[in-house]
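Structure record follows, encoded as structure tokens.
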């Protein structure tokens with residue numbers, strides 16, 4: 001996606017959020033290639049990211065609350081303290097991401113790939129984790145806090 005189109009879309013989306021959906025329009029990034037872009041601390045609520053390609057982006061502190069991110073590719077992205085609460089993340093790729101301190105409460109994480117990601121202080125309360133892949137990921141902090149109670153996940157101790 002060209003930078004001018006991206007900036008125009010982000011400006012219209014911010015207006016839409018700030019005006020309580022009365023002006024502007026929600027951003028549509030469906031199947032967009034946004035790799036290696038700095039998108040820190042943006043409120044993306046209401047956006048469409050279905051199957052978007054966000055590999056290597058800096059999305060730290062951004063807000064994706066309650067949107068459809070099915071099939072989105074975040075591989076290698078900085079997602080530090082990002083809000084995904086209530087999102088549909090079915091088959092999303094978080095491989096090698098920094099998700100420290102992120103909010104993944106009440107999300108659909110079925111068949112989601114977290115291999116090699118940093119999940120320290122990430123909140124998974126109420127998340128659906130069926131066939132979620134945590135290989136090559138250190139989950140000892142979850143075991144110690146009695147939160148690792150999931151069945152049908154793919155996890156091996158490093």
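Coordinate-derived values only; no laboratory data. None of these values were measured; they are calculated from a predicted model. Counting neighbours? That spans all protein chains shown, and the Cβs are built from the backbone with ideal geometry, glycine included.
If you take the beta carbon distance between residue 18 and residue 121 as r and set R0 to 30 Å, what does 1/(1 + (r/R0)^6) give as a FRET efficiency, to the nearest 0.05? Calculated transfer efficiency: 0.50. With the helix formula -39500 (n - 2.57) applied to DSSP H stretches of n ≥ 4, the chain reaches a computed 222 nm mean residue ellipticity of -4000 deg cm²/dmol. Over the Cα atoms of the chain, the radius of gyration divided by the Kirkwood radius equals 0.99; this is the Rg/Rh ratio.
Relative to the longest principal Cα axis of the chain, at what angle does helix 3-18 sit, 0 to 90 degrees, rounded to 10? Roughly 80 degrees, rounded to the nearest 10.
Between region 22-52 and region 98-126, the alpha-carbon centres lie 20 Å apart.
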